[in-house]
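*Asks:* I am attaching a structure below and will ask some questions about it afterwards.
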Amino acid sequence: MAVNVDAGTLHRIEFQAGQSNTVILSKGEVALTKLLIQKLEAKIVTGVELLSVKSRLERLKIAIAPHKTVPQEVVGEIFRQSASDLVNTYPADIRSTPWVMRQICSMWRANALAKPSFWNHIAFNSTLKKTDSSRIDVWIKHIAHPSHPLSLEMNCYNLRSNIIFHSAVLLPYHARICRLTAGAWSQLFALPIGSFPLLKSLKIVIHDDAFYSGWDSPSYEESPCFIGMDSLRELDITFAVSSNHHMYLPNTLPCNQLASLKLQCDDSILTIYAALHILQRCPQLEECVLLVPGTEEETMNPMTVHLPYLSSLTVILRWDGPIDKGITLLDFLIVPALVTLELQLSSENQHKAMINSVASLVYRSGCSLRSLVLPNMHEPRHAIPRTAFEAISSLSVLGTAAIIFSDEIIEEIAQGHLLPNVVSLVLSGGGKDAVHSLVKLVETRFRLYQAPDAVPDLRPPLIRDIHIKLVSEKLCGDFMARVEDYLTRVKLCGADMTVSN
């Protein structure tokens, strides 16, 4: 097979495009290169000029390598998506995304090295030793962009490793850290670090009693390690220890500027009273997740906390007893900007009181709640009263278990007398009967919406989405088979019903 090609074109294909990722061949040159490859591969089969042929063949294949013809906007999107939540680990893992992408070609290597987001998020997942102190400094200087902020995670929660992390990482790099995850012990609270002018997000895991009142550690309350965090906006604290004391936060922690607060306790005690004191120190909060008891006795001193900017609140209640005669955290909050509220309960005895608290919260705050996620309620006696629905009439998304709807409530929602703005329902569980009720709701809304005498501005909106969450993938498949007829009916009404685990 003869392939006629002039010397200049051959040089461009083999020695320019074949040795550089910046030279891109035209369509005609690519077609010509493929013919040359076929000719050389035929020579390899016959064993002619084996070494020289293999060398030329390698250059020709590089010249038309697929990654060279990927459009720049596609390459940019690959790098953008790869950089999302990307974490480098110490010691380095050469199988991780940044290290793999820098080995594809010189052009991709240059692109990878030029992206700070590929290298400046570093996680320490292994136990640190004394010998790591000098290595860490060299490693960070080698991979991280010096002019960009650092995101650091210390995920090995033993005291010795965190002391090394403190001296080898926090002390020399504190001024460049924008996000930080670390363990905390009382032994570290007295150690000054320096200011954190760029720190926006702090996540700490507590491993001893230092964060609890009653702990005999004067240095903790005025701990210097929290000074200089003037840019801090997000605080996430996980308590990995049990305690008989009430939790509190040090005075030096700049709570007054926080926009996001997340407190997670295992067996530790974050009482409603303690939680209110913490919230009172955070007037700028926009998002909050708290794990607190379901109730406390009504004898506690009343305290009203006004959070004018709070738009999203998740309350996880770990109290197993009834709260009908007690008080809940919601009874002390005024949240005029609240849009999303999620409740997670550990006992069905808490449902009625919590629903009443939600209604009171909405009335008291004057907020326009758009999304309400309630826990599973498996008994009809836990059905939401009509007065509660009236309080949350602004809802557009309701997440719950379907059993809480009585037939009368279903009809009133369908008519638009209750929850007139709801367009999406998220169900946790629910059998065929529950889906039947909701399909009836969707169809009634659709019928009223299409009625010839319907007044456009007064008719309730169509329900567009029903999302059913089940426990396992197998249950999803079994459930879909049982309600397949409802899927068609829902789609005819312009809605969509999805099932997931």
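*Asks:* Any idea which residue in the stretch 391-412 is modelled with the highest pLDDT, counting only those that are touching a strand residue (DSSP E or B) at 6+ places or on another chain (Cβ under 9 Å) and β-branched (Val, Ile, Thr)?
*Replies:* 397
*Asks:* Ok, one more. What's the total number of residues in the stretch 470-493 that are open to solvent by 40 Å² or more (accessible area, probe 1.4 Å) and modelled with pLDDT of 75 or more?
*Replies:* Final tally of qualifying residues: 6.
*Asks:* Here's another thing I want to ask about it. For residue 440, are the conditions met, namely being closer than 20 Å to residue 496 by Cβ, at pLDDT below 80 and surrounded by fewer than 20 Cβ atoms within 10 Å (Cβ to Cβ)?
*Replies:* Details: closer than 20 Å to residue 496 by Cβ: yes; at pLDDT below 80: no; surrounded by fewer than 20 Cβ atoms within 10 Å (Cβ to Cβ): yes.
Judged against the criteria, residue 440 is not a match.
*Asks:* Hey, another quick one. In the stretch 40-62, what count of residues is obtained for those that are of a type in the set (Gly, Ala, Ser) and at pLDDT 75 or above?
*Replies:* Within the stretch 40-62, residues that are of a type in the set (Gly, Ala, Ser) and at pLDDT 75 or above number 2.
*Asks:* Moving to a separate point now. Taking the residues in the stretch 368-390 that are at pLDDT 80 or above and open to solvent by less than 10 Å² (accessible area, probe 1.4 Å) as candidates, determine which candidate is nearest to residue 428 (Cα to Cα).
*Replies:* 372
*Asks:* Output the number of residues of the stretch 10-30 satisfying the condition of being open to solvent by 60 Å² or more (accessible area, probe 1.4 Å) and acidic (Asp, Glu).
*Replies:* 0
*Asks:* I need the full set of residues from the stretch 443-467 which are in a helix (DSSP H, G or I), in contact with a Leu (Cβ under 8 Å, 6 or more places away or on another chain) and open to solvent by less than 50 Å² (accessible area, probe 1.4 Å), in order please. Before you say what the answer is, go through the steps one by one.
*Replies:* Step one: filter the stretch 443-467 for residues in a helix (DSSP H, G or I), giving 443-450.
Going one step further and asking which of them are in contact with a Leu (Cβ under 8 Å, 6 or more places away or on another chain), we end up with 445-446, 449.
Once the filter is applied, which keeps residues that are in a helix (DSSP H, G or I), in contact with a Leu (Cβ under 8 Å, 6 or more places away or on another chain) and open to solvent by less than 50 Å² (accessible area, probe 1.4 Å), the stretch 443-467 yields only 445.
The values are calculated or read from the model by the stated rules, or taken from the named source; none is laboratory data. These numbers were taken from a predicted model, which means no experiment stands behind them. A quick note on method: Cβ atoms are made from the backbone with ideal geometry, for glycine too, and the neighbour counts reach across all protein chains shown. The area values use the complete protein model at the heavy-atom level, side chains included, leaving out ligands, DNA and RNA. Shrake-Rupley method; radii C 1.70, N 1.55, O 1.52, S 1.80 Å.
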